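All of the numbers you see were taken from the coordinates with simple rules; none came from a lab. Computed from a prediction, not measured in an experiment: that's the story for all the values here. Note: ideal-geometry Cβ built from the backbone for every residue, glycine included; neighbour counts use all protein chains shown.
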Amino acid sequence: MDDLFTNIGHRFGRVEPRRRMRDYVRGLLAPVARKNSWQLAENAGHSTPNGLQHLLSRARWDPDAIRDDLQVFVAERLGRPDGVLIVDDTGFLKKGTTSAGVQRQYSGTAGRTENCQIGVFAAYASSAGRALVDRELYLPKSWTDDRDRCRAAKVPDEREFATKNTLAATIVRKALSSPLPIAWVTADAAYGQDNRFRRMLETSGVGYVLAVPKSQFSLAGPRIDMVFAQAPDQAWERRSCGPGAKGQREYDWAAVQLRPVAEYDCQDGVLIRRRWALARRSVNRPDEIAYYLAYAPLDVGVDVLVRVAGLRWAIEECFQAAKNECGLDQYEVRRYVGWYRHITLAMLAHAFLAAVTAQEGEKGAALVRRLRSSNSQWRKCGDSWQLALPDTPVPVLTR
């Protein structure tokens, strides 16, 4: 961790914000009940949260520069030639109307329409591990059309309305120009059905496996669900798309090659890429079928496409771990810059955990999270918390 802090320390012009950043990230990794400025300050031994609040709101440092350093760190620790970039969004439930980008909108996290903020994220996954590597805050038109409201939340004047797909495309372009070794991009149907998003990936020369709705047309052919409705029984093969919590995630898969598009798939008249349509059918519920469009080098077979499709769930695991372990969603900032700063530092903490896990896995040791000792006098003991005071009895709070 000290090496990581040293690598990003030059992004802070003064020693005070540099030290506060370290305290903030260490607090995000500590067993703090609620990872807001008050409790993180207590964990760091600060008398008030003012210093950490200043770090998130008024101190001079660029969270995008820290994001760039984070991507270098992930590339060094988790980077593999067949790495996969995964795009998805997640919601942050909020009260009130002043938090940047908040409004009543659908949140996949909640599974319903709620008052929330939406962030578009990218995660990097490889055989070594997975970590969040970029983020953008979605601003609905109710915000971008009201410049006074934006100024009150410190939204930059140049920030215009951008759809989630546009934000995702921006994230992917930045990641492809970063040190991250990316061979594939995958995303759910909200992004996969966007023709412009797919064309951007094809122009960039990166492979993809993108979920699409059943109504998606396969190039100039029929709807994708109609393509596979005509598939014979022998076209479906049982394949695993990777290990899950209950063992291998096995489905019945069918794949069909699509006609090439010369503008994107050929070079000097020679075919260099191949297009696929895939279908994934549940073993226990055959009526549940998911569909994908894929774009891959000529030497790539169906097993690789299935593996990439299965890695899309890695970003959900990243969201869960970053929220549960690193306080990704436990911020109390309302302004635009505060959101980016907290989220970036939480991503940094999560990437550190991913790197430590990968290092321990390479050593063959048990995957145990080692936490820095906390300055707080509260200690976890079994199913209870103990308040350890010198020369006094230790009371125990049971749940």
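Relative contact order of the chain: what whole-number percent is it, with Cα pairs under 8 angstrom and at least 6 residues apart? Intermediate results must be reported in sequence, preceding the final value.
Working: 693 pairs, mean separation 75.7, N = 399.
Once divided by the residue count of the chain, the mean separation gives 19 percent.
Taking amide hydrogens as modeled 1.01 Å from N in the peptide plane, which residues meet the under 5 Å criterion relative to ALA162, leaving out close sequence neighbours?
Amide H neighbours of ALA162, under 5 Å, 5+ apart: LEU139.
Between LEU348, LEU167, LEU70, which gets the highest mean-square fluctuation from a Gaussian network model of the chain, Cα cutoff 10 Å?
Comparing LEU348, LEU167, LEU70 in the GNM, the peak value goes to LEU167.
If each residue's Cβ is checked for other Cβ atoms within 10 Å, how do CYS318, CYS326 rank with the fewest at the top? Walk me through the numbers on the way to the answer.
On the way: CYS318 28, CYS326 24.
Listing CYS318, CYS326 from fewest to most nearby Cβ atoms yields CYS326, CYS318.
Semi-axes of the equivalent ellipsoid for region 110-236, please: Cα gyration tensor eigenvalues, times 5, square-rooted, ordered largest first, whole Å. Intermediate values should be presented prior to the final figure.
Numbers: eigenvalues 207, 81, 42 Å².
Each semi-axis is √(5λ); the values are 32, 20, 14 Å.
Among DSSP bridges having both ends in region 62-363, what percentage is antiparallel? Round to the nearest 5. Write out the running numbers ahead of the final one.
Details: 53 of 61 bridges.
Of those bridges, close to 85 percent are antiparallel.
What's the ranking of 172-179, 349-356 by average number of surrounding C-beta atoms within 10 Å, highest first?
On the way: 172-179: 16.9, 349-356: 22.4.
In descending order of packing, they fall as 349-356, 172-179.
With only Lys, Arg, Asp and Glu charged, each at its Cβ (+1 for the first two, -1 for the last two), find how big the charge dipole of the chain is about the Cα centre; round to the nearest 20 debye. List each step's numbers first, then the result.
Values: 58 positive and 46 negative charges, 201 e Å.
Approximately 960 debye in magnitude.
Rounded to the nearest 20 debye, what is the charge dipole size of region 173-322 about its Cα centre when +1 sits on each Lys and Arg Cβ and -1 on each Asp and Glu Cβ? Please report the intermediate quantities before stating the final value.
On the way: 20 positive and 17 negative charges, 42 e Å.
For this selection, approximately 200 debye.
Place +1 on the Cβ of every Lys and Arg and -1 on the Cβ of every Asp and Glu in the chain, take the dipole about the Cα centre, and give the residue among ALA309, SER178, LEU258 whose Cα lies farthest towards its positive end.
Going by the charge dipole, the pick is SER178.
What residue among TYR124, TYR264, TYR191 shows peak mean-square fluctuation when the chain is described by a Gaussian network model with Cα springs under 10 Å?
TYR264
If I stretch the segment between ALA262 and ALA33 completely, what's the gain in nm (0.36 nm per residue apart, minus their alpha carbon distance), one decimal? Before the final figure, lay out the partial values.
Working: separation 229, 0.36 × 229 = 82.44 nm, distance 5.64 nm.
Result: 76.8 nm gained on full extension.
Given a cut-off of 40 Å, what percent of all Cα-Cα pairs of the chain lie beyond it?
22 percent
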